[in-house]
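Down below is the structure, laid out as structure tokens.
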Amino acid sequence: MPEPVLLVEKKDGIATLTLNRPKAMNALSRELVASIGQAFTDLQADRETGVVILTGAGRAFCAGLDLKEMSEQGMGGGGSEPEDNLDTIDIVNGFDRPIIGAINGVSITGGFELALACDFLIASTEARFADTHARVGVMPGWGMSQKLGRLIGIGRAKELSFTGNYLSADQALAWGLVNRVVEPAELLTVCRALATDILSCAPGMVSSYKRVINDGYGMPLSEALIMERKICREHARKLTADFMAAQRKSLQDRGREQTKA
């Protein structure tokens, strides 16, 4: 019996999704794309999961669309349409809890776009990024043309997209694409530690905070500030003195623990 193309592990409020086509460098076959969409649909309904870590098996995070499958079936072959792939990225983008991208190896084109759907990225020293849409002759549909320039600057994004050249992990860190670069053996440990920190926040707050950040990111700053102020006032009305006292104690306890460390 073949192994599943996507591995799902849940432990202590953290779901780890591992793209599991290592011999194909985790290329996005139709089966894998569908599995990603289904996994995030299931996790959206699973309130025990507070953080998702997305990574790849073997030496690649994701090499992008499965060009071998496409060369045999075309973009719309195999009983599915291109729009089916677009639905999957909408599901990932709509997930209401943090997604940490653990970029263990190459992240190319559609795989790069999948990484950009994460809330932030931690990269192995083995990670490399490339956008080869222009070389392959396929237009991006998972956000590359709009997200990358907002993250690293439009000039840098154009350089990557127009050349198809690789970006190293260290350069990705310097350009602000990834938050940290760690040794391969430390990658999941670091991501799980960050996930645990996230889970220690006030219940429900991170999901609400994620929504405010994402909604405001697409607005002019003046409108985003008004939106933030409105939500802040609505939220403040719900906070009781007992709740704030408990949160104050929690912050003090954590501060003492971090000072010891």
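Here are some notes:
- The set of residues from the stretch 109-151 being among the basic types (Lys, Arg) and in contact with a Gly (Cβ under 8 Å, 6 or more places away or on another chain) comprises Arg128, Arg135.
- Qualifying residue in the stretch 192-201 (condition: of a type in the set (Gly, Ala, Ser), assigned by TED's automatic domain parsing to the domain that holds Ala27, buried (at least 18 other Cβ atoms within 10 Å of the Cβ) and in contact (Cβ under 8 Å) with a residue 24 or more places away in the chain): yes
- Boolean, Asn26 is touching an Asp or Glu at 6+ places or on another chain (Cβ under 8 Å), assigned by TED's automatic domain parsing to the domain that holds Ala134 and closer than 18 Å to Asn104 by Cα: no
- Against the criterion of being farther than 18 Å from Val106 by Cβ, without any contact (Cβ under 8 Å) to a residue 60 or more places away in the chain, outside any loop (DSSP other than H, G, I, E, B) and in contact with a helix residue (DSSP H, G or I) (Cβ under 6 Å, 6 or more places away or on another chain), Lys147 qualifies.
- Of the residues making up the stretch 113-144, those that are touching a Leu at 6+ places or on another chain (Cβ under 8 Å), outside any loop (DSSP other than H, G, I, E, B) and not basic (Lys, Arg) are Leu114, Ala115, Leu116, Leu121, Ile122, Ala123, Ser124, Phe129, Ala130, Val136, Met144.
- Close contacts from the stretch 157-181, counting a first residue that is part of a strand (DSSP E or B) and a second that is basic (Lys, Arg) and modelled with pLDDT of 95 or more, with Cβ to Cβ under 7 Å and a gap of 6+ residues or different chains, come to Leu167/Arg128; Ser168/Arg128.
- For Leu199, the conditions (1) at pLDDT below 95; (2) within 17 Å of Asp96 (Cα to Cα); (3) out of contact with any His (no Cβ under 9 Å at 6 or more places or on another chain); (4) not acidic (Asp, Glu) all hold with the exception of (1).
- Within the stretch 207-261, the set of residues being modelled with pLDDT under 85, of a type in the set (Val, Ile, Thr) and part of a helix (DSSP H, G or I) comprises just one member, Thr259.
- Output for the stretch 10-37, where each listed residue is assigned to a helix (DSSP H, G or I) and either of a type outside the set (A, V, I, L, M, F, W, C) or within 24 Å of Ala195 (Cβ to Cβ) (or both): Pro22, Lys23, Arg30, Glu31, Leu32, Ser35, Ile36, Gly37
- With respect to (1) farther than 26 Å from Gly218 by Cα; (2) hydrophobic (A, V, I, L, M, F, W, C); (3) surrounded by 14 or more Cβ atoms within 10 Å (Cβ to Cβ), the lone exception for Ala185 is condition (3).
- Each residue in the stretch 105-127 was checked for being closer than 24 Å to Ala195 by Cβ and either over 13 Å from the mean Cα position of the chain (by Cα) or acidic (Asp, Glu) (or both), and 8 pass.
The values are calculated or read from the model by the stated rules, or taken from the named source; none is laboratory data. The structure presented is a predicted model; accordingly, all values stated were derived computationally and were not measured. Every residue, glycine among them, receives a Cβ derived from its backbone with ideal geometry; neighbour counts consider all protein chains shown.
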